[in-house]
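Report on one structure; see the data block that follows.
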Amino acid sequence: MLSGVNLENEKSEGITVKKSENFSEWYSQVLTKSEFIDYGIVSGTVVFKPSSYFAWQKIVEFVNNEFVKDGVENVYFSMLIPESLLEREKTHFKGFNPEVAWVTEAGKSKLKERLAIRPTSETIMYASYSKWIRSWRDLPMRYNQWNNVIRWEFKNPTPLIRTREFLWNEGHTVYASKEEAENERDFVLGVYQKALAELAALKGVVGRKTENERFAGAVNSYSIELLLPDGWALQGPDFHNDGQNFSKAFDVKFLNREGKYEYAWQNTYAISTRVLGAMVAVHGDDKGLVLPPNLAYIQVVIVPIMKKGSEKAVLEFSQQIYSELRTKYRTKLDDRDYYSPGYKYNEWELKGVPIRIEIGAKEAEGRFVTAVRRDNGVKSKIEASKVKEDIGKAMEQMQKDMLERAEKLLKNNMHEVKSYEKFKEILKEKKGILVAPWCGESECELKIKEETGAKILNVPLDQTPLDDKCIYCGKKAKYVANFARSY
């Protein structure tokens, strides 16, 4: 299991532990030594360095484009939320109250009302929605904002996985009918699944959250759950159908086609920088970070091997290859003469650059390059005339292979169980996601969590009639559910 680690005094340049032996320490070292992130001055926060922030920007760009094409519009609301607004939806406020950070003073003056630093934006956005929406002609209203939030409750933050400040999107949409609102779910979750697969090379399990696990104030919550190599699950992007809970609390109503007022139907949804933590954890190895090509800040690094007598030819050829590749790929020429090629190899492997190109005297003379894939170390000889085309093919194949490995990790660690004894046995020995019959009662769900530490991640959307019994109480099962220990 991952935990917060303070690496202030860490001086070693390489990874000093194996991923399979000390996952938590490995994860912390990979994040900082690769310069993907750094620890923030404020406990529980991180600094997104160029590599991690670029990866997040690519996710933002992809998701935002999909949303905009479907009619979602971007807005921005203040991060300061009056306490009176938070209290208007009691269930929602109760769910977030322990995590809220408050502004109580300005200069030397006490504020008349406490202001929450945005833990989420339902309350401040819907206060405005109630003013803007008057008629069915104003609907649907599909607004989204990209921002940061602060949540302060937890004591042991973990970089990217559970931090006190993180980046995300907040989709807040309003519809005239229940059916229209519910129909948005598959589109949003589809966009998130596509982003996970095509960018971060990740695969998750989709399903409905139980009443105990759903978003505070929602009627139904749906999640994409990711599995990390230590056997623990991590909730990824999610979608919440809020019904009319918030519209009634904030008086978001409209005049329908029949000339009568009714409350609107609403959804909320999000993807956050947490997916970057999952990406690092799933794909990294004992040498460091392994970045999917589609999210890599530097996709190709060229390392000249300059030995006495061949320096000029090697450097000139390296610069030619660099000029060719940089027109299409994010490319760096590492021509530093104060580090050895071996040092550079280790450094760029640590930072996760997908393709390393080695150019020595034989390459310069033969007009070819030696390309090395970061994910599997496979070397290939590429003619200079084909370098742009073949490097592109190599990165395309690497992206595909990384997704397939992530899918295999998930598939190999999903275990179907029918008995509680087997459930506990597998959880102890193998961990992973346990697919088990459940009666649908909260009492059994909570007892299982209390006794094993495993909760219901979600309930798969596609359910078939069951003849099985609940693994805990023995009553007829209503659902097959996904259980795991979770961050």
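Could you put 187, 368, 250 in order of accessible surface area, largest first, with the 1.4 Å probe and the full protein assembly present?
Ranked from most to least accessible, the order is 187, 368, 250.
Which one, 48, 280, 130, projects farthest toward the positive side of the charge dipole computed for the chain from Cβ point charges (K/R +1, D/E -1)?
Of the listed residues, the answer is 48.
Mind running the shape call on segment 43-88? Use the C-alpha gyration tensor, a ≥ b ≥ c as the square roots of the eigenvalues: rounded below 1.5 for a/c, prolate if a/b tops b/c, oblate otherwise. List each step's numbers first, then the result.
Values: a/c = 3.74, a/b = 1.20, b/c = 3.11.
The shape class here is oblate.
Could you check the spin-label model distance between residue 257 and residue 336? Points 7 Å from the Cα along Cα→Cβ, value in nm.
In this crude spin-label approximation the distance works out to 6.6 nm.
Evaluate the charge dipole of the chain about its Cα centre and quote only its size in Debye, nearest 20, assuming +1 on the Cβ of each Lys and Arg and -1 on the Cβ of each Asp and Glu. If you can, show how the numbers build up before the last one.
Values: 74 positive and 70 negative charges, 43 e Å.
My answer is approximately 200 debye.
Contact order normalised by length for segment 228-375, with contacts defined as Cα pairs under 8 Å and 6 or more residues apart; what percent is it? Kindly include the intermediate steps, with their values, before the conclusion.
Details: 221 pairs, mean separation 33.3, N = 148.
Computed over segment 228-375, the figure is 22 percent.
Relative to the longest principal axis of the chain, what angle (0 to 90°, nearest 10) does the C-alpha long axis of helix 420-429 take?
Helix 420-429 and the main axis of the chain meet at about 30 degrees.
Would you work out which of 176, 117, 143 lies farthest towards the positive end of the dipole of segment 101-194, given +1 charges on the beta-carbon of Lys and Arg and -1 on that of Asp and Glu, about the Cα centre?
Result: 117, furthest along the dipole toward the positive end.
Report, in debye and to the nearest 20, how large the dipole of segment 74-183 comes out about its Cα centre when Lys and Arg carry +1 and Asp and Glu carry -1 on their Cβ. Could the numbers behind the result be given before it?
Details: 17 positive and 14 negative charges, 71 e Å.
Result for segment 74-183 is approximately 340 debye, rounded to the nearest 20.
Which of the GluC sites (Glu not before Pro) across segment 105-201 are loop residues per DSSP, with 14 or fewer other Cβ within 10 Å? Let's see the in-between values first.
Values: sites: 105, 113, 122, 153, 165, 170, 179, 180, 182, 184, 198; in loops: 153.
Loop-located and lightly packed - 153.
State the Cα centre-to-centre distance between segment 245-259 and segment 416-486 in whole Å.
Cα centroid to Cα centroid, the span is 39 Å.
In debye to the nearest 20, how big a dipole does segment 24-137 give about its Cα centre with +1 on each Lys and Arg Cβ and -1 on each Asp and Glu Cβ? Write down the numbers at each step before the final one.
Working: 15 positive and 14 negative charges, 104 e Å.
It comes to approximately 500 debye.
Roughly to the nearest percent, how much of the accessible area of the chain is carbon and sulfur, given a 1.4 Å probe?
Numbers: 10700 of 22870 Å².
Accessible surface attributable to carbon and sulfur in the chain totals 47 percent.
Can you classify segment 74-147 as rounded, prolate or oblate using the Cα gyration tensor, where a ≥ b ≥ c are the square roots of its eigenvalues, rounded means a/c under 1.5, and otherwise it's prolate if a/b beats b/c and oblate if not?
Numbers: a/c = 2.11, a/b = 1.86, b/c = 1.14.
Prolate is the answer for segment 74-147, as a/c is 1.5 or above and a/b outweighs b/c.
Distances over 40 Å make up what percent of all Cα-Cα pairs in the chain?
Values: 35899 of 118341 pairs.
Counting every Cα pair in the chain, those more than 40 Å apart make up 30 percent.
In whole Hz, what ³J(HN,Hα) sequence does segment 45-60 give by Karplus (6.51, -1.76, 1.60; θ = phi - 60°), x for Gly and Pro?
Working through the residues one at a time gives 10, 10, 9, 7, 7, x, 5, 6, 5, 4, 4, 5, 4, 5, 5, 4 Hz.
With unit charges on the beta carbon (Lys/Arg positive, Asp/Glu negative), name the residue among 71, 317, 484 whose Cα is farthest towards the positive pole of the charge dipole of the chain.
317
How charged is the neighbourhood of residue 180? Take every other residue with its Cβ under 15 Å from the Cβ of residue 180, and add Lys/Arg as +1 and Asp/Glu as -1. All intermediate terms of the calculation are to be shown ahead of the outcome.
Values: positive: 137, 142, 178, 185, 257; negative: 70, 138, 179, 182, 184, 186, 242, 262.
With Lys, Arg at +1 and Asp, Glu at -1, the net is -3.
What does the charge count around residue 133 come to, taking other residues whose C-beta lies under 13 Å from its C-beta (Lys +1, Arg +1, Asp -1, Glu -1)? Don't skip to the end; give the middle numbers.
Numbers: positive: 131, 134, 137, 142, 253; negative: 138, 251, 262.
After counting each charged neighbour, the total is +2.
Check cross-link reach from residue 308 to the lysines: straight Cα distance under 16 Å, and skip same-chain residues fewer than eight apart.
Once the sequence-local lysines are set aside, what remains near residue 308 is 362.
Please work out the FRET efficiency for the pair residue 383 and residue 20, using the Cβ-Cβ distance as r and a Förster radius of 51 Å; give the result to the nearest 0.05.
Details: r = 39 Å, r/R0 = 0.76.
The calculated FRET efficiency here is 0.85.
Could you pull out every one of the lysines with an alpha carbon less than 22 Å from that of residue 131, ignoring same-chain neighbours closer than 8 positions?
90, 178, 248, 253, 260
Accessible area per residue, 1.4 Å probe, Å², for the chain: what's the number?
Working: 22870 Å² over 487 residues.
Heavy-atom SASA per residue in the chain reads 47 Å².
Taking the mean number of other Cβ atoms within 10 Å as a proxy for protection, how do you rank 405-415, 26-36 from highest to lowest?
26-36, 405-415
Taking a cut-off of 25 Å, what percent of all Cα-Cα pairs in segment 144-283 are separated by more than that?
Working: 3152 of 9730 pairs.
It works out to 32 percent of all Cα pairs.
Can you bin every Cα-Cα distance in segment 300-425 into 10 Å intervals starting at zero and give me the percent of pairs per bin, rounded to whole numbers?
Cα pair-distance distribution for segment 300-425, in percent: 12, 38, 25, 10, 8, 6, 2, 0.
Add -39500 (n - 2.57) for each DSSP H run of 4 or more in the chain, then divide by its residues: what number comes out at 222 nm, to the nearest 500 deg cm²/dmol? Provide the component values of the computation, followed by the final result.
On the way: 14 runs with 168 residues, N = 487.
Estimated from H runs of four or more residues: -10500 deg cm²/dmol.
Please sort 199-209, 270-280 by packing, taking for each peptide the average over its residues of neighbouring beta carbons within 10 angstrom, highest first.
Numbers: 199-209: 23.4, 270-280: 24.9.
Highest to lowest by the protection proxy: 270-280, 199-209.
Round to the nearest 10 and give me the degree value, 0 to 90, for the angle of helix 387-412's Cα axis relative to the longest principal axis of the chain.
For 387-412 against the chain, the angle is about 50 degrees.
Mind pulling the per residue volume of the convex hull built on the Cα atoms of segment 97-190? Å³ is fine. Write out the running numbers ahead of the final one.
On the way: hull volume 14.3 nm³, N = 94.
Hull volume normalised by residue count: 152 Å³.
On a 0 to 90 degree scale, rounded to 10, what angle separates helix 178-198 from the longest Cα axis of the chain?
20 degrees
Can you classify segment 316-385 as rounded, prolate or oblate using the Cα gyration tensor, where a ≥ b ≥ c are the square roots of its eigenvalues, rounded means a/c under 1.5, and otherwise it's prolate if a/b beats b/c and oblate if not? Intermediate values should be presented prior to the final figure.
Details: a/c = 1.35, a/b = 1.25, b/c = 1.08.
Since a/c stays below 1.5, the shape of segment 316-385 is classed as rounded.
The values are calculated or read from the model by the stated rules, or taken from the named source; none is laboratory data. Remember, predicted model here, so these are calculated numbers, not experimental data. Positions of Cβ are backbone-derived with ideal geometry, glycine not excepted, and every protein chain shown enters the neighbour counts. Heavy atoms of the whole protein, side chains included, go into the accessibility calculation; ligands, DNA and RNA do not. Shrake-Rupley method; radii C 1.70, N 1.55, O 1.52, S 1.80 Å.
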